[in-house]
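To start, the structure itself, in C-alpha cells.
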Amino acid sequence: MSAIAKDFDLSVLPPEYRAVFEAQAARVAELEEINQRQEHLIAEMHHALYGKKSEKLADDDRQLAFEDLEVALSEVEEKKSEQASGDDKPRRKKIAKRNRGNLPEGLPRIEQVIEPDSLECPCGCGLMHRIGEDRNERLDIVP
C-alpha cells in the first residue's frame, strides 16, 4: 500500500468499501511489482545494446536477455487477458448520435442558383460552364 493508504483509517469505512479498497491496493502493489520487473529487464536490454564496448554482452548472452524480456512480456499479456476475461461487462465506446445532412421534413427546401450575367469567359477563351455540370451533360446531383 502507498504511504497515503497506510495513514488512512480503514475502520471508518463500511465493510464492503473496505474490501474493495484493500483489493484495489493489492492490485496496485501487484502492478507496481510488474512495472519494476519490466523496468529492470529494459535496463538490462538497454545495457546489452548500448553499454560500453568492454561491457557489452556476447551474442548468446544478449539473446538470453531478449528471451527473458519476451517471457516477461508474455506473462503480462496473459495477466491482461485474464483480467479482461474477468470483467462482467464488455466496455464499448458509445456511438455518437448525429444527424448530419438530414434536415427535418417540415423545413422548406429552397434551391438558389447564382449565375453570372454572361457565360462568355472574360479572357476570351470561350464559354464557361456551370459548377456541377459537365460541359456536355448536366449532372443531377443535389448538394
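The values are calculated or read from the model by the stated rules, or taken from the named source; none is laboratory data. If you're wondering where the values come from, they're calculated on a predicted model, not measured in any experiment. All accessible areas refer to the heavy atoms of the entire protein, side chains included, with ligands and DNA or RNA removed. Shrake-Rupley method; radii C 1.70, N 1.55, O 1.52, S 1.80 Å.
So that you can scan it fast, the table gives a plain yes or no per residue for (1) at pLDDT 80 or above; (2) open to solvent by 80 Å² or more (accessible area, probe 1.4 Å); (3) closer than 30 Å to residue 28 by Cα; (4) not polar (S, T, N, Q):
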| position | (1), (2), (3), (4) |
| --- | --- |
| 76 | yes, no, yes, yes |
| 91 | no, yes, yes, yes |
| 102 | no, yes, no, no |
| 126 | yes, no, no, yes |
| 133 | no, no, no, yes |
| 136 | no, yes, no, no |
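Does residue 85 satisfy being part of a helix (DSSP H, G or I) and at pLDDT 75 or above? The answer is no for residue 85.
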